[in-house]
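As structure tokens, the structure follows; a few thoughts come after it.
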Amino acid sequence: MRNPARWCAASLFCFGLAIAGPSKQLTISGLKKPVEIIRDHWGVPHIYAQNPDDLFFAQGYITAQDRLFQLDLWRRIGTGKLAEVLGPKFLSRDRIARLVRYRGNWDEEWKSYSPDAKAIARAFTSGINAYIGSLHGKRPTEFQAAGFDPGLWAPEDVAARVAGLLMTGNLLAEVNRTLDVDKIGLAADDRLFPPEPHIPLVLPKGLDVADITPKIIKDYEAAIGAIHFPGEQGSNNWVVDGTMTRTGKPLLANDPHRGIELPSLRKTVHLVAPGWDVIGAGEPALPGIALGHNENIAWGFTIVGIDQQDLYVEKVNPVDASQYSYRGGWKQFEIERQAVAVKGEGSRQVELKYTIHGPVIYEDDSLHRAYALRWVGTTAGGAGYLSALNLSRTKNWKEFRGATANYRIPSENLVYADREGNIGWIAGGQAPIRKGWNGLFPVPGDTGTYEWSGFLPISENPSTYNPARHFVATANHDILPRGYKHELGYAWAPPSRYNRIVEMLTTGKKFDVDDFARMQQDTVSLPARDFAAILKDWHPAERSEAASVRATILRWDSNMALDSKAALLYEVWIDHLHDAIRPKGIASERLAPDIVLHELKTNPQRDALLQQTLEISLREIRERLGPDQTEWKWGNLHKAYFRHPLGPAKLNLPPHARPGDGYTVNATGGKNYAQTHGASYRQILDPSDWDRSVMTNVPGESGNPGDRHYGDLIAGWADGNYHPMPYSRKAVEAAAEERLMLTPAQ
């Protein structure tokens, strides 16, 4: 990895000597005043407008110019319009999207994000539509291949709820835990998937486990899955105060982990207008930014994991299927019927059902059961990340903390730093109150026993401001303070990434941007260390291949480096150990590494299990990489693939070898040894001088095949490099690649 600070400084200096790129002017209906857009050398647009309406109109326009196909898919996924262009097999997915749409008062909805959210959404979507109109019916490359046209946006489309479902996944955990308990029993499930903080596992009174089947979540899982045309969640953040930095001011690092996608999940933008001067990234289909900094403060996030969903098993009247049981009587389902356009068929009618608990995601006629989802997305303000419209304009900790009152979904560890030298953290998100029950299993809907009792006030969520230890770090781990009296949830990521971050932060050194970059790229595996400790007490036959492997791992520094043979051996071996320890046929896919190692250590057949799984592992490595052990390197097996959802190879980008795994700070996890999840976007923010901040967004800022910014950031990302994040007008001008002037039509 190059020194990112030196690279940034040199880059800005050189670009400052260069002549800025081409200028272009467009006349567009819908603007009030001219808008200037400067695109820098990394494809980031810096938008300068004279009023907020024009600012967000221009953001919508330039985002559509860069990511139109991605935007159109997002809109269709969120509003239930996939079957219109992809055919009848997407109808069930569309039904879920329509089921979970917001059905309340829209004035309350908009105001819950910010007082001007409606105007911002209107301007943003008008900008998208203006770009679509500028095409005059000509289909861009992806739409030609897909065979359909981009659709127009309504302001309400940005408040679609499907994206929030993905970030509040407790429903799946409830169903899978119940299926597992039916398979292996409560005691074994408690041992393998223990709730944190630990509580006894008890099935809810009145729940019949026979009512819970995998069919319940089939359509739901499809609705939150990736789109593929025919043909590990996690994140890190940390912030330190000025006592721990070279500048004497705070420093903040954040690398939210989601799917590694083409194009990138996030879009970077700099927004400047009266009342606005923010730079950072967000999901392309949403106005504003979700994380970044303004003139005064910086912030970032990782998922908390507040339990924001519950599945209710409703008993349907066997005589009248339009009714369900509640508190000793029968209630009518609320039913809507909608016509859904279906490619090749015209349209089909879909029936949307609701109980007092929420939308019915599945019905089992043979059991006379309906399964209803209750989740925070039904409330006003339940669209993911839109509350950042308010958060991103705060000027200090008091305002920032106050703005988190409306930060409902997803639940996020929001870390904070400001130019005055303050740091802080709050677990943002709406937390349901469950009195006398815990949300670990589906619950009977008929008794009225398992109802939410409102929501926890944000003042009761865990937080800290200027902590005595001078830093805050989160990595989706259990963030509940000792003695915390409320129940936020019981499922957290393993603590290995967090523990490694703390290990690096507590060395006593003074940190700078370069140090934080190295930390974000760190690939030391703490589970690998623990595994090596187990191997010390294992003694295979002398001069055997097993003895050689053992010696290789014991000599190893537990760094999951690209060229490491030991990392390869460990990763394939631990994967087969996991599969051998995990009970066959259970629904939950992964055991936490500490559980795997505990089960291994306490297994009376430990030595035989180690030998057997090692032999299988060596056989697999030879099959995949061949017999030449000079080719046995972790990076030769572990790669990130950049595949376009349309499928044609010509739209894909080359794969890249990756270090790390799912439990290193540089998290690179995924199935079949590929990296499918991790940090596509990274930022390191320096309040002492915002122009010293750095970032990267893989594979590039553009989603247009053939554009120079379609994949220009991959190589730097793979090498652990960053690019500047110019903020001041002087720095933006120095990094300018091209200019676009948008002028209003007369």
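In this structure residue 198 has an accessible area near 110 Å², from a 1.4 Å probe over the protein heavy atoms.
Estimated at the nearest 10 Å², the accessible area of residue 408 is 40 Å² with a 1.4 Å probe. When the charge dipole of segment 599-643 is built from unit charges on Cβ atoms (+1 for Lys and Arg, -1 for Asp and Glu) and taken about the Cα centre, the candidate among 637, 621, 604 whose Cα reaches farthest toward its positive end is 637.
Phi angles across segment 494-510 convert, under the Karplus curve 6.51 cos²θ - 1.76 cosθ + 1.60 with θ = phi - 60°, into 3J(HN,Hα) values of x, x, 4, 5, 4, 4, 5, 4, 4, 4, 6, 6, 9, 8, x, 8, 9 Hz, Gly and Pro given as x.
Of the residues 344, 368, 332, the one whose Cα sits farthest toward the positive end of the charge dipole of segment 318-375, with +1 on the Cβ of Lys and Arg and -1 on the Cβ of Asp and Glu, is 332. In a fully extended conformation the segment linking residue 243 and residue 470 would gain 81.0 nm over its present Cα-Cα distance, using 0.36 nm per residue. Computed from the coordinates I sent, Rg/Rh (Cα atoms, Kirkwood Rh) equals one of (i) 0.96; (ii) 1.32; (iii) 0.99. Tell me the label. Of the listed options (i) 0.96; (ii) 1.32; (iii) 0.99, (i) comes from this structure. Straight-distance candidates among the aspartates and glutamates for linking to residue 601, with alpha-carbon spacing under 15 Å and chain neighbours fewer than 8 residues away dropped: 530, 537. Nonpolar atom fraction for the chain, defined as the carbon and sulfur part of the 1.4 Å probe accessible area, stands at 51 percent.
In the assembled protein chains, residue 167 presents an accessible area of approximately 30 Å² (probe radius 1.4 Å). Give me the net charge for the shell around residue 645: Cβ to Cβ below 10 angstrom, other residues only, Lys and Arg +1, Asp and Glu -1. Around residue 645, the charge tally is -1.
Protection proxy ranking for 431-443, 562-574, using the average of other Cβ atoms within 10 Å per residue and placing the highest first: 562-574, 431-443.
Would you please give the FRET efficiency between residue 433 and residue 529, computed as 1/(1 + (r/R0)^6) with r the Cβ-Cβ distance and R0 = 35 Å, to the nearest 0.05?
Working: r = 40 Å, r/R0 = 1.14.
The formula returns an efficiency of 0.30 here.
For residue 107 paired with residue 542, estimate the spin-label separation in nm (one decimal), with each label point 7 Å from Cα along the Cα-to-Cβ line. Result: 8.7 nm between the two label points.
Do the alpha carbons of any pairs in 510/671; 249/485; 118/215; 183/671; 343/650; 24/81 sit beyond 29 Å of each other, and which pairs? Provide the component values of the computation, followed by the final result.
Working: 510/671 38 Å; 249/485 34 Å; 118/215 38 Å; 183/671 24 Å; 343/650 26 Å; 24/81 35 Å.
In this structure, 510/671; 249/485; 118/215; 24/81 lie more than 29 Å apart at Cα.
The value obtained for segment 91-164, namely the Cα convex hull volume divided by the number of residues, is 109 Å³ per residue.
Percent of Cα pairs in segment 643-744 per distance bin of 10 Å, from zero to the largest separation: 13, 36, 32, 16, 3, 0.
Residue 132 sits among other residues whose Cβ lies under 10 Å from its own Cβ, and their net charge, with Lys and Arg +1 and Asp and Glu -1, is -2.
In the full protein context, the chain carries 39 Å² of accessible surface per residue, based on a 1.4 Å probe and ignoring ligands, DNA and RNA.
Positive contributions from Lys and Arg (+1) and negative ones from Asp and Glu (-1), summed over other residues with Cβ under 10 Å from the Cβ of residue 515, come out at +2. Here the Karplus relation 6.51 cos²θ - 1.76 cosθ + 1.60, evaluated at θ = phi - 60°, turns the backbone of segment 141-154 into coupling constants of 3, 5, 5, 4, 5, 7, x, 8, 9, x, x, 7, 9, 10 Hz, with x for every Gly and Pro.
Sorting 509, 89, 398 by solvent-accessible area of protein heavy atoms yields 398, 89, 509, largest first, with a 1.4 Å probe. At what distance in angstrom do the alpha carbon centres of segment 135-209 and segment 632-689 lie from each other? Value for the Cα centre distance between the two parts: 23 Å. Across 343, 111, the residue with the most accessible area heads the list, and the full order at a 1.4 Å probe is 111, 343. Size descriptors for segment 54-95, from the alpha-carbon set: Rg then Dmax equal 13.0, 40 Å.
Mean residue ellipticity at 222 nm, helices only, the chain: -9000 deg cm²/dmol; runs of at least 4 DSSP H residues each add -39,500 (n - 2.57), and the sum is divided by the number of residues. Residue ranking by accessible heavy-atom surface, 1.4 Å probe, largest first, among 394, 676 comes out as 676, 394.
The values are calculated or read from the model by the stated rules, or taken from the named source; none is laboratory data. Just so it is clear, the structure is predicted and the values come from calculations on it, not from any experiment. Quick reminder, even Gly has a Cβ in these numbers, built from the backbone with ideal geometry, and neighbours come from all protein chains shown. Ligands, DNA and RNA are stripped out before the accessible areas are found, and what is left, the full protein with its side chains, is counted by its heavy atoms. Shrake-Rupley method; radii C 1.70, N 1.55, O 1.52, S 1.80 Å.
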